[in-house]
Amino acid sequence: MSERGKQKLIIITGSPCVGKTTVTDKLFTSYENSAFFDGDWAWCVNPFSLDDPRLRDGDKTMSFALSTYLNSKFDYVFFSSVVVLGEGIRRNILHDITAEDYSVIAFTLTCSEETLLERHKKRGDENECSFFWLHKEPHPGDYMINTDNKTVEQVVEEMKGIIDGNDEYMRTY
């Protein structure tokens, strides 16, 4: 168990191309006894539409995977997904987790439109860059981290400072 005694579920969300997966991968490898689930793969369908009711099955997949990691006694479970920016979707996923007595720390990564366009272009994505997720209101209680002009390492260090030192902002489930 972590030095503070309670497992931590760390949620990382934000727009596509903001750096969620890159940051989460680097963050995950910096903690012993940790697991990483990229929830976006649970919603990888074509065509994609938020209105598709079948995506609720993807939510169940996310809850199941997170439950499995938490019930397996990982000290840190990192969960990255664009869709947990939405309050209803996040609430449903967390509600269906079967583990008990863990803390949640959530981050919303953001950047400027210019930075998002640049990252989208670097990614080689031929689809049009959308600002839909970038301009959505962050989930209440999330730590907001602007990734403009920061290296991955700088963002990770900022997040680690919060994960390791600010228990008063964690919610217990």
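The values are calculated or read from the model by the stated rules, or taken from the named source; none is laboratory data. All figures in this text were calculated on a predicted structure; none of them were measured in a lab. Note: ideal-geometry Cβ built from the backbone for every residue, glycine included; neighbour counts use all protein chains shown.
Just checking, which of Glu168, Glu114, Glu87 is at pLDDT below 95 and either out of contact with any Pro (no Cβ under 9 Å at 6 or more places or on another chain) or on the phi > 0 side of the Ramachandran plot (or both)?
Being at pLDDT below 95 and either out of contact with any Pro (no Cβ under 9 Å at 6 or more places or on another chain) or on the phi > 0 side of the Ramachandran plot (or both) holds for just one of Glu168, Glu114, Glu87, which is Glu168.
I'd like the residue in the stretch 1-57 that is under 16 Å from the mean Cα position of the chain (by Cα) and at positive phi and, out of all such residues, is surrounded by the most Cβ atoms within 10 Å (Cβ to Cβ).
Gly14
Please pick out the residue among Leu109, Leu94 that is under 13 Å from Ser15 (Cβ atoms), at pLDDT 95 or above and not in a loop (DSSP other than H, G, I, E, B).
Being under 13 Å from Ser15 (Cβ atoms), at pLDDT 95 or above and not in a loop (DSSP other than H, G, I, E, B) holds for just one of Leu109, Leu94, which is Leu109.
Go through the residues of the stretch 29-46 one by one and say whether even a single one is assigned to a helix (DSSP H, G or I) and at pLDDT 95 or above.
Checked against the condition, which is being assigned to a helix (DSSP H, G or I) and at pLDDT 95 or above, the stretch 29-46 yields at least one hit.
Within the stretch 133-141, does at least one residue satisfy the condition of being within 18 Å of the chain's Cα centre (by Cα), surrounded by 11 or more Cβ atoms within 10 Å (Cβ to Cβ) and free of Cβ contacts under 8 Å to residues at least 24 places away in the same chain?
no
Could you please let me know if Lys121 is within 23 Å of Cys17 (Cα to Cα), out of contact with any Gly (no Cβ under 9 Å at 6 or more places or on another chain) and at pLDDT below 95?
For Lys121, the condition - within 23 Å of Cys17 (Cα to Cα), out of contact with any Gly (no Cβ under 9 Å at 6 or more places or on another chain) and at pLDDT below 95 - is met.
Is it the case that the stretch 73-84 has a residue that's in contact with a helix residue (DSSP H, G or I) (Cβ under 8 Å, 6 or more places away or on another chain), small (Gly, Ala, Ser), surrounded by 19 or more Cβ atoms within 10 Å (Cβ to Cβ) and not in a strand (DSSP E or B)?
Yes, the conditions are met somewhere in the stretch 73-84.
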